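Here the structure is laid out as structure tokens; the discussion comes afterwards.
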2 protein chains.
Amino acid sequence: MSNDRNRILVESIKRLLRRGATSHLTKILNMAHAADLSIVFRSLSRSNQKRLFDLIDGPEKKGHLLMELDEDILLDLVEDMDMDLLMEILEELAEDDAADLLSLLPEEKADLLLKKMKEKGLEDLEDILKYDEETAGRIMVTDFIALKQDMTVKEAIEHIQKEHQDVEMPFYLYVVDEYGRLVGVSSLRQLVLVPPETQLKEIITTDVISVQTHWDQEEVARIVARYDFLAVPVVDESHRLVGIVTVDDVIDILRREATEDILKMAGAGEEFVETKSVFKSTRIRLPWLFASCVGGIIAFFVIGHFEGELTQFAYLAAFIPVIMGMGGNIGTQSSTIVVRGLATGRLHIRDIWRVVFKELAVGLILGVVYGVFIGTVAQVRFSTMALAVSVGLALICSMSVAALIGSFVPMAFARFHIDPAVATGPFVTTSIDIVSVFFYFQIATVLLGI
Amino acid sequence: MSNDRNRILVESIKRLLRRGATSHLTKILNMAHAADLSIVFRSLSRSNQKRLFDLIDGPEKKGHLLMELDEDILLDLVEDMDMDLLMEILEELAEDDAADLLSLLPEEKADLLLKKMKEKGLEDLEDILKYDEETAGRIMVTDFIALKQDMTVKEAIEHIQKEHQDVEMPFYLYVVDEYGRLVGVSSLRQLVLVPPETQLKEIITTDVISVQTHWDQEEVARIVARYDFLAVPVVDESHRLVGIVTVDDVIDILRREATEDILKMAGAGEEFVETKSVFKSTRIRLPWLFASCVGGIIAFFVIGHFEGELTQFAYLAAFIPVIMGMGGNIGTQSSTIVVRGLATGRLHIRDIWRVVFKELAVGLILGVVYGVFIGTVAQVRFSTMALAVSVGLALICSMSVAALIGSFVPMAFARFHIDPAVATGPFVTTSIDIVSVFFYFQIATVLLGI
């Protein structure tokens, strides 16, 4: 499998490093794929990372490797890199990658580089940097084929051969009007099937799906995924064609977003912590646990409020875990379904009441099922009807409310443009804990006639 | 945004359905993209779905739509479809899609169709069906360009023009030896840059990354994603080229797997439940909650065992939520990081001890931080040193053990080829609940000298 491939590469490189076999190393490094090297770099010391990076030929290959490296390794390498080399690398990178790299650098370094590039007449990069991060404008490349609609097919083919020998994505030929506005799309295959004198506007598909520069990158990714595109055209507010987003960037976005969502919901950061140190990992996870800690302290005061009842009926405490656990779990199910549904575009904010109502119904049914079950267990164990009914009712309330909170909160956050994945985790579980415990003791107090 | 596009389509179609404007409907339906129509179908009644489906022109378009529809809608449409139409549709679909469709049908219907197709000499489909589901062999298409290595460039170009006018992915030209074994790859662009008499074997790239028919589809998807491929070649055990997997299928796999992982970890099924009815949704979520219910009952007996202590020190109960909550949350963080790390290939089973040890360290540090904090709260509230120390120690134990269980369990499941995402959720949270509660009362019993 591909893991073996990587393991062999890692081991060969480590062996050559130990032996100091520089010429061998250079050969292996320059034949290997940047994506594979990035995995090798993870298991090397900083000094060996620098040594290997220096052995890579030319700014283009160096640039490709940089874009594949983990962010902390990249920053380390770039930190004391020669400014001229950095310039050369930036020039070789695709604009979206160059913009990404610049945005990672310390501001003064980035500004200096931008100024230098402007002096050299390289202004594309500045154009891209004016778009917000994570928008279509920021992830597009401007290296695409645009043909005028009144060209003939013959002229179009000549134009492509002359001007676009090395365009990144030659599968779609976009067609624009005299103002540069996107009017249609065609393909090389289509061009060779019609007489050479045909005008482009007669043969193009005019129903082109495009995205706008300010659209969120997730929305762009969803469109490419839904229509099985290899690239999607990006237009500005006047519908002028300004770039394309290609499928390889879309894959990266979809993978990263999915991982981010999962990690954020568990309060484990936004990106992979597994390569990070114990202390970094601890720091990332601390805040989310703090929310749950505050929730626990509030629950503590809620229970403290019922200390009298607890002294009289100590076994009340024994049902706390099951009531908290069931509430928490059904709430997690609801919020996971909603967060993921919003992320994949299968749920919309406008459906909020339908979704919340449905989750409430599910919570109620499951609450009745498990309420009767646990209530029966309580009855068998203690033969106290009032206790059994209290526990059962508490479960029904706790599970219904948990499903309600679990579905409503992420929807409401999304409505106010707060990322539901990051906010939902601590907020939902903490509030469900408190509400469950409160319901339970309140119901027990009334029914047990304490 | 694209949502507006869909909303307009849904509304137009519903209006035309009400008006019975069949000719208008036919026009709109046949111009719309199958991916958009699939969204329209979700909000229609079964009878209207059938009506619209009948209006779609020809088996090719019908087939494309079927592949985009949700599974339950698809099955409904196919159920009483004419066998001849179904045959025509199967013939028009790409093999991987046809295989998918067949595997969804009732067995006798599928067998009958396969027999019929064999009679017509269409055996490709049977070839594909012999591979296991979710492997490279099952998701590949056999429609690719393979050239013999001793062809000249001129012969290759002629061959492509004659034989491969409508191949799905003409960007990679795969080169094979006399036995059909994959030896290299080239591209149209490369062919036009060298003299026409050059032999292919002189110019091809021989270091081709390929996958084998039995590889898991997730592994295939990771390779396409890592190397930014538009397609990857699939070879059999003798390294013969038998198919390619294209990037659009890879996107679908990556999206589905990510969603599945998230939903499975929360015990909310494997696929989208949001389009399902309340009762279906309830049934899917019931079993996972049962695991947590059993855990709650065990915790109940554990606490019941300490009833004497609880009667003496009722306020012990007040710390149950915070200890369970903190343990549960840090355990969820650990298992999420591990499950996602395994899924994206950034963690390997062979790293199990390193990962578990690191998580244990994180759990210990966070346990000490929050143990001291909550212990101080307990001290301030009750001024009982023994209680404060009990609570603090219990938190340290509970959080360390939770991080240990949370990281070890998914790794161990993966080791024995049990899907870590589906097994981790209930197992981890339930065992952490029980262990936390037990530690707490055991420590309190000793320290409070009850």
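Taking the conditions (1) in the same structural domain as B:Met87 (by TED's automatic domain parsing); (2) touching a residue at least 40 places away in the same chain (Cβ under 8 Å); (3) assigned to a helix (DSSP H, G or I) in turn, B:Lys201 satisfies each one other than (1).
Please work out if A:Gly345 is farther than 24 Å from B:Gly425 by Cβ, within 8 Å of chain B (Cβ to nearest Cβ) and either touching a residue at least 60 places away in the same chain (Cβ under 8 Å) or within 29 Å of the chain's Cα centre (by Cα) (or both). For A:Gly345, the condition - farther than 24 Å from B:Gly425 by Cβ, within 8 Å of chain B (Cβ to nearest Cβ) and either touching a residue at least 60 places away in the same chain (Cβ under 8 Å) or within 29 Å of the chain's Cα centre (by Cα) (or both) - is met.
Could you pull out the residue among A:Ala361, A:Ala268, A:Ala291 that is at pLDDT 90 or above, outside the structural domain of A:Val250 (by TED's automatic domain parsing) and either in contact with a Ser or Thr (Cβ under 8 Å, 6 or more places away or on another chain) or in a helix (DSSP H, G or I) (or both)?
Details: A:Ala268 fails: at pLDDT 90 or above; A:Ala291 fails: at pLDDT 90 or above.
Sole residue among the options that is at pLDDT 90 or above, outside the structural domain of A:Val250 (by TED's automatic domain parsing) and either in contact with a Ser or Thr (Cβ under 8 Å, 6 or more places away or on another chain) or in a helix (DSSP H, G or I) (or both): A:Ala361.
Within region A:148-159, residues that are part of a helix (DSSP H, G or I) sit with their Cβ atoms under 8 Å from residues that are of a type in the set (D, E, K, R), at 6+ positions apart or across chains, in these pairs: A:Val153/A:Glu197; A:Lys154/A:Glu197.
All told, A:Phe441 falls short of being of a type in the set (A, V, I, L, M, F, W, C), assigned to a helix (DSSP H, G or I), within 14 Å of chain B (Cβ to nearest Cβ) and out of contact with any Phe, Trp or Tyr (no Cβ under 7 Å at 6 or more places or on another chain). Listed conditions (1) among the aliphatic types (A, V, I, L, M); (2) surrounded by fewer than 20 Cβ atoms within 10 Å (Cβ to Cβ); (3) within 30 Å of A:Gly363 (Cα to Cα) are all met by A:Ala266, apart from (2).
Taking the condition in contact with a Lys or Arg (Cβ under 7 Å, 6 or more places away or on another chain), part of a helix (DSSP H, G or I) and either of a type in the set (Phe, Trp, Tyr) or within 7 Å of chain A (Cβ to nearest Cβ) (or both), does B:Leu366 pass?
Values: in contact with a Lys or Arg (Cβ under 7 Å, 6 or more places away or on another chain): yes; part of a helix (DSSP H, G or I): yes; either of a type in the set (Phe, Trp, Tyr) or within 7 Å of chain A (Cβ to nearest Cβ) (or both): yes.
It is true that B:Leu366 is in contact with a Lys or Arg (Cβ under 7 Å, 6 or more places away or on another chain), part of a helix (DSSP H, G or I) and either of a type in the set (Phe, Trp, Tyr) or within 7 Å of chain A (Cβ to nearest Cβ) (or both).
Take A:Ile223 and decide whether it is within 29 Å of B:Asp249 (Cα to Cα) and part of a helix (DSSP H, G or I).
In short, yes.
Residues in region B:369-387 include at least one that is within 13 Å of chain A (Cβ to nearest Cβ), surrounded by fewer than 23 Cβ atoms within 10 Å (Cβ to Cβ), closer than 25 Å to B:Val338 by Cβ and among the β-branched types (Val, Ile, Thr). So is B:Leu129 under 25 Å from the mean Cα position of the chain (by Cα), within 17 Å of B:Glu68 (Cα to Cα) and crowded, with 16+ Cβ neighbours inside 10 Å or not? In short, no.
Of everything in region B:305-328, what is without any contact (Cβ under 8 Å) to a residue 24 or more places away in the chain and of a type outside the set (Gly, Ala, Ser)? Give them in sequence order. Working first, answer last.
Narrowing region B:305-328 to residues without any contact (Cβ under 8 Å) to a residue 24 or more places away in the chain: B:307, B:310-311, B:314, B:317-318, B:321, B:325.
Selection gives B:Glu307, B:Leu310, B:Thr311, B:Pro321.
For region B:41-66, a residue qualifies if it is surrounded by fewer than 18 Cβ atoms within 10 Å (Cβ to Cβ) and among the hydrophobic types (A, V, I, L, M, F, W, C), and the qualifying residues are B:Leu44, B:Leu55.
B:Leu69 meets all of the listed conditions (1) loosely packed, with under 13 Cβ neighbours inside 10 Å; (2) aliphatic (A, V, I, L, M); (3) under 27 Å from B:Arg5 (Cβ atoms) but one, namely (1).
Give the residues of region A:313-327 that are more than 7 Å from chain B (Cβ to nearest Cβ) and either assigned to a helix (DSSP H, G or I) or touching a Gly at 6+ places or on another chain (Cβ under 9 Å) (or both), sorted by residue number.
Step one: filter region A:313-327 for residues more than 7 Å from chain B (Cβ to nearest Cβ), giving A:313, A:316, A:323, A:327.
A:Leu316, A:Ile323, A:Gly327 - these are the residues of region A:313-327 that are more than 7 Å from chain B (Cβ to nearest Cβ) and either assigned to a helix (DSSP H, G or I) or touching a Gly at 6+ places or on another chain (Cβ under 9 Å) (or both).
The set of residues from region A:274-304 being hydrophobic (A, V, I, L, M, F, W, C), more than 7 Å from chain B (Cβ to nearest Cβ) and free of Cβ contacts under 8 Å to residues at least 40 places away in the same chain comprises A:Phe279, A:Ile284, A:Phe290, A:Phe301.
Return yes when B:Val185 is surrounded by fewer than 20 Cβ atoms within 10 Å (Cβ to Cβ) and touching a Phe, Trp or Tyr at 6+ places or on another chain (Cβ under 8 Å) and no when it is not. So B:Val185 passes the test.
Within region A:29-70, how many residues are in contact (Cβ under 8 Å) with a residue 40 or more places away in the chain and either assigned to a helix (DSSP H, G or I) or closer than 18 Å to A:Arg15 by Cα (or both)? Lay out the reasoning, then the answer.
Looking only at region A:29-70, we keep the residues that are in contact (Cβ under 8 Å) with a residue 40 or more places away in the chain, and these are A:42, A:70.
Applying the additional criterion that residues be either assigned to a helix (DSSP H, G or I) or closer than 18 Å to A:Arg15 by Cα (or both) yields A:42.
Looking only at that region, the number is 1.
The values are calculated or read from the model by the stated rules, or taken from the named source; none is laboratory data. For clarity, every value in this text was computed on a predicted model and none was experimentally measured. Quick reminder, even Gly has a Cβ in these numbers, built from the backbone with ideal geometry, and neighbours come from all protein chains shown.
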